[in-house]
Amino acid sequence: MKLQRVQYASDIEPLVQFIEDTPPSEIVDRALEKLRAGVPIKTMLTASALAVTRSADLPPGHHGGPLHPLAGMYAVFKLVERLEGEDRFVPVLQHVALANKHINDPATGPYQLLEFAPLDAEGGAMTAEEDLAQDGSGDVSHARGVEATKEAFLKSVGRGESHKADHYFQWLWKNVPETEAFDLLMSVAIPKNTLDDHYFLFPGYLWRGLDIIGHEYLPVLMRPAVRYAARFPSQRMVPEVDAIIEKYDLLGRVMRQRTGDDETTKIGEIGEAIGQCDAYTAIPELLAKALSEGLSLEGAGEALSIGAASLFLRSLTGNPMDVHLHTSANLRRYLLRMDGLSPKNKLLALLLWHTGPEVKSTQYRMQPAPQPDMAAVAALPHRSQDDLLDAITHSIYNQPPTDWSKVSNLGQMRAVPEVRGTVNLAQQYVQLGYDSVAFIKRLGEIVCHDNFTEMHAFKHHQAIVEEFHATRDPWRWMHLVCGAQAAAISFGKNMAVYEEALELMHAA
């Protein structure tokens with residue numbers, strides 16, 4: 001059989017090849033040239049996603065390759081909608097530059113994604129002897145059809161056969177409703193969140209990006225997410241959470257789905273209780289008990305969001321990529337509202353939030369509750385809205401530079417004290433009732449500087465915007481303060497793409 005790399009439609013293939021073939025030193029200049037010449041932003045972002053999928057491999061960890069460009073696609077699309085003029089090009093250039101970087105990185109390239117023959121369970125079956133040689137189970141089946149192929153996919157996941165799982169999923173996308181296939185994928189991805197937050201975040205945020213660019217490219221763009229979820233190590237059991245689900249009989253009762261004004265008090269109580277937790281293992285029981293007493297799934301998701309924001313404000317982390325408290329809570333709320341996702345997956349999505357390593361690690365670097373320091377906020381001088389926005393911006397832009405010679409482990413970085421100054425100013429802004437739209441716009445302009453976090457800053461910014469709009473008063477405002485805190489931590493780490501783009505735009 002002749003092997004052939006994935007090919008795209010003739011109307012976008014040349015643009016994909018442009019992103020693949022352009023030297024990294026030229027990509028920002030030449031991509032800006034194309035955007036100015038009229039290439040639509042949506043087309044450029046789609047081509048960027050297709051290019052990094054076809055020409056960058058998944059590394060052993062989670063940094064590099066297609067993971068972060070695909071997971072960040074949704075946030076970039078949404079930020080572009082809030083910017084004006086040529087500022088709208090900057091997030092797009094960040095995405096294209098990141099995709100091009102990974103395509104040219106020797107850790108993830110050169111690589112070619114090959115065309116795959118979709119296989120059902122019968123097509124991918126082993127002989128009994130081959131199966132015994134694999135793992136000794138000997139449970140060979142030559143069944144056909146959807147359910148057999150689903151089981152074959154899950155068996156491949158259990159063995160870490162990511163290549164074979166990719167074959168099966170190509171068949172499933174064609175033969176079952178997309179949401180049904182996605183639910184199966186998430187049944188693997190959600191529990192593996194305990195190993196790495198990205199098992200959950202990658203397919204979830206990619207799905208949201210596909211909701212924007214269209215599902216035409218779903219079978220190819222989801223391939224790296226399927227392979228990532230199917231690789232070793234294999235871990236899908238979380239007995240303590242399963243026990244809580246059984247204790248409160250959450251799968252045996254009809255649970256309310258949608259929230260309403262009658263839940264406001266309860267949502268606030270649970271959210272504030274989560275925000276005061278020092279041991280995150282207490283969080284699932286808080287949520288499960290509330291669900292058993294009648295709280296809706298949507299309401300539980302909102303309580304988790306409030307708690308996540310409170311914990312983020314207590315966090316002492318200085319790692320600009322430690323934003324998963326917010327981003328994973330935001331994605332879980334989306335999934336709780338999603339029609340077609342199974343009740344078990346919704347419950348696990350809600351109750352496993354605390355298990356992600358990058359979420360869990362924050363509980364060891366926390367300030368006492370509550371935060372921010374309201375006495376320090378009260379001591380600030382009064383400023384007009386515009387002056388206070390400028391003060392917040394100045395405090396972010398003038399954070400102390402990182403001395404990288406003293407950083408041996410990014411995950412252990414602590415935030416400098418000056419970050420609290422930004423937080424206090426942001427808290428004053430929301431207490432004075434100033435305009436949220438102006439605040440969000442300013443944070444959006446600031447986040448465009450970042451190319452250090454591989455889209456984490458963009459994803460967090462979009463998460464705080466969505467959580468602000470989806471959370472009720474008085475708790476919604478803390479999400480905006482979280483946005484300022486994250487911006488102060490991430491700003492200035494690496495801004496090379498932004499600085500090049502700005503110079504090119506001003507030189508025209």
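The values are calculated or read from the model by the stated rules, or taken from the named source; none is laboratory data. Predicted model only: the values in this text are computed from it and were never measured. With ideal geometry, Cβ positions are generated from the backbone for all residues, glycine too; neighbour counts draw on all protein chains shown. With ligands, DNA and RNA removed, areas are computed over all heavy atoms of the protein, side chains included. Shrake-Rupley method; radii C 1.70, N 1.55, O 1.52, S 1.80 Å.
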Tell me the per residue accessible area of the stretch 33-132 using a 1.4 Å probe; a whole number in Å² is fine. 37 Å²
Within the stretch 345-429, report the chymotrypsin sites (Phe, Trp or Tyr not before Pro) that DSSP leaves as loop and that have at most 12 other Cβ atoms within 10 Å. none
Lys/Arg Cβ at +1, Asp/Glu Cβ at -1, dipole of the chain taken about the Cα centre: which of GLN399, GLY85, SER310 is farthest positive-ward? SER310
Using +1 on the beta carbon of Lys and Arg, -1 on that of Asp and Glu, and nothing else charged, what's the dipole of the stretch 415-454 about the Cα centre, debye to 20? 160 debye
Points 7 angstrom from Cα along the Cβ direction at LYS42 and ASP29: gap in nanometres? 3.2 nm
Along Cα→Cβ, 7 Å out, is where each label goes; now give me the distance between the ones at ASP21 and SER408 in nm to one decimal. 4.7 nm
Of all GluC sites (Glu not before Pro) in the stretch 260-298, the ones in DSSP coil with at most 15 other Cβ atoms within 10 Å are GLU293
Dividing the helical contributions, -39500 (n - 2.57) per DSSP H run of n ≥ 4, by the residues of the chain yields a 222 nm value, nearest 500 deg cm²/dmol, of -18000 deg cm²/dmol
Per residue accessible area of the stretch 413-508, 1.4 Å probe, in Å²: 35 Å²
Charged-residue dipole, Cβ positions (Lys, Arg, Asp, Glu), the stretch 368-462 about Cα centre, Debye nearest 20: 220 debye
To the nearest 0.05, how large is the calculated FRET efficiency for MET255 and PHE232 if R₀ is 45 Å and r is the Cβ-Cβ distance? 0.85
Assuming R0 = 25 Å, can you tell me the calculated FRET efficiency for the pair GLN367 and GLU445, based on Cβ-Cβ distance, to the nearest 0.05? 0.30
On the protein heavy atoms, probe 1.4 angstrom, tell me the percent of accessible surface of the chain carried by carbon and sulfur. 52 percent
Say a site is exposed when it is one of the trypsin sites (Lys or Arg not before Pro), sits in a DSSP loop, and has at most 16 other Cβ atoms within 10 Å; what is then the longest site-free stretch of the chain? 3-143
Relative contact order [Cα under 8 Å, 6+ residues apart], the chain, whole percent: 16 percent
FRET efficiency for HIS506 and ASP211 from the Cβ-Cβ distance with R0 = 41 Å, rounded to 0.05, comes out at 0.75
Hey, can you find the accessible area per residue of the stretch 339-404 for me, probe 1.4 Å, expressed in square angstrom? 49 Å²
Choose one of ALA229, TRP173, LEU425: the residue whose Cα lies farthest towards the positive end of the charge dipole of the chain (beta-carbon charges +1 Lys, Arg; -1 Asp, Glu; about the Cα centre). LEU425
In debye, nearest 20: dipole of the chain around its Cα centre with unit charges on the Cβ of K, R (+) and D, E (-)? 320 debye
Rounded D (µm²/s) - the stretch 365-508, Kirkwood Rh over Cα pairs, Stokes-Einstein at 4 °C, 1.567 mPa s: 80 µm²/s
Subtracting the Cα-Cα distance of THR281 and ASP390 from 0.36 nm times their residue separation yields 35.2 nm
Would you mind computing, in nm to one decimal, how far apart the modelled labels at GLU272 and ASP435 are, each placed 7 Å from Cα along Cα→Cβ? 3.2 nm
